[in-house]
Structure formats: structure tokens, C-alpha cells
Amino acid sequence: MIGKLAPAVSAALLAAGLSTAAMAQTTTLRIQTHYAPETVSGKLAAQLLQGAPFHMFFSADQAKPKLLLKRGIATSGSSFTYALGGLALWSSDPTIDPERVLREGRFTKIALANPRLAPYGIAATEVLLNLTLLEASKPRWVLGENIAQTYQFVESGNAELGFVAASQIMENGKLIKGASWPVPQNLHNPIRQDAVLIGKQPSRAAREFAAFVSGAEVTNIIERYGYQTGEADSRAAP
């Protein structure tokens, strides 16, 4: 039983792109969702810096957990990489080949998360650079504040293509809708997503949940929802 820990963990998981519904498939812990769609890792980290009563934080990057550790908010030695984010080039039109459309430049607008704000945006620019398409594509960029807004640009038709998180378009290992090109990992640096415990003396429930998230059952779920875990540090928090 997670008790008061559940809402914070649930919100953090959702901010990082993980599904609490999926987690519920393999645990008897009661997970209650307290989450606003616009919430992202940065906003949750800011709340933690202001004293928000979270017990564990799942981030969509490594920078924010490192900041919390540096400020003494997170538990020393508790950081671990729970997943590697998967990047996909996605179109809401199921009849097209996104990779071919990108390479041939047959698009008017392409959406990506702002690389100054989001790790998936940084990865998207690395892909374009490695394909020698960075400068040519810039006039056609539509920048989202975060990966959720980037997805909305493509889904609404405001952009024909967009670099999104694979977790946004995959469920149980299958594409939900549209057409997708899973971007090869050698075209961008790994999108490492870290988690940390919060507080100098984290509760037993938080420690147990950290161990649970690092276990094989959850790893399988994470992979079904568009993430990779093969290179992730699966060490449970102490």
C-alpha cells in the first residue's frame, strides 16, 4: 500500500511519459493519479525545489534529478536510469512513409520539441544534423514547448511530420495510429531518464517502489510502451 506516496509517484510517472495504468498491471500497490496534462518534468522539479511533498521523482532527463541531488532535495546515491527514451518520426496520416518524406523534403512543416527546453528536442536536432538536413529543415520547424505539445501539432495537422516520443504513439508494442519511423539510436545520443528518491530519509514504501520499478516485470512494461531499457542502469535505489 503506497498511501500518500501514490499521487506524487503517479504524477511523476506520467510527467516522464510512463503509464500508471500499465504499472497497475503488475503491482498490488494502490496508485492514485493526481496529474495535470500540462505538467512536465521541469514543473515538477520546480515544485520539489519549493518543498512539494513528493517522495520520488521520475524525470524525462538526467539534468533535473542531478539538480535535486545538488540542492540536497533528493536522497544521496538514489539516482538510477529507469529507461531510455525512444524517438520516432510520426505522421497522423497512415498512408505515408515518414522517413522517405523527411529525406526527400516533401513536407511543409515538421514539429519538434524546443531543443532549449526538452531532451527529445535535442535528440531531434541531432538526427537532423546526422542526416545533413538540419539547416535545410529549420525554416519549416514548428517548436513545441514540450513533447506533448509537439504531438498535438502533428495530430491536429498543423505539421505533417513530427519527432515525438515513441511512448506517445505505442501501446503494448504496437503503433496506435498514423505512420511512424522509429529513429535508429545511432542517429542521436541516448535520452536517459532518471529517477531519484526525495528527502534525507526516504520512507520504506518509496524504497520498495524504487526496487519495484527497477524489476523485470516493470522493465517489460516500459519496453512495450516505446522505451528501451537494455543500456539503462537498472540498479534499484538504496
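Some observations on this one:
- With the highest mean first, a sort of the peptides 124-135, 203-214, 170-181 on other beta-carbon atoms found within 10 angstrom per residue produces 203-214, 124-135, 170-181.
- The range 107-238 - percent of accessible surface contributed by carbon and sulfur, probe 1.4 Å: 51
- Among the chymotrypsin sites (Phe, Trp or Tyr not before Pro) found in the range 42-82, not one is both in a DSSP coil and sparsely packed, with 13 or fewer other Cβ atoms within 10 Å of its Cβ.
- Relative contact order (percent, whole number), the range 84-138, Cα cutoff 8 Å, 6+ residue spacing: 24
- The range 92-238: relative contact order as a whole-number percent, Cα under 8 Å and 6+ apart: 27
- In the assembled protein chains, residue 194 presents an accessible area of approximately 10 Å² (probe radius 1.4 Å).
- With K and R counted +1 and D and E -1, the other residues having a Cβ less than 12 Å from that of residue 172 yield a net charge of 0.
- From the Kirkwood radius over Cα pairs of the range 77-206, Stokes-Einstein at 37 °C and 0.692 mPa s returns a whole-number translational diffusion coefficient of 212 µm²/s.
The values are calculated or read from the model by the stated rules, or taken from the named source; none is laboratory data. Please read all numbers here as calculations on a predicted model, not as lab measurements. Glycine gets a Cβ as well: all are built from the backbone with ideal geometry, and neighbour counts include every protein chain shown. What goes into the accessible areas is simple: the full protein's heavy atoms, side chains included, and nothing from ligands, DNA or RNA. Shrake-Rupley method; radii C 1.70, N 1.55, O 1.52, S 1.80 Å.
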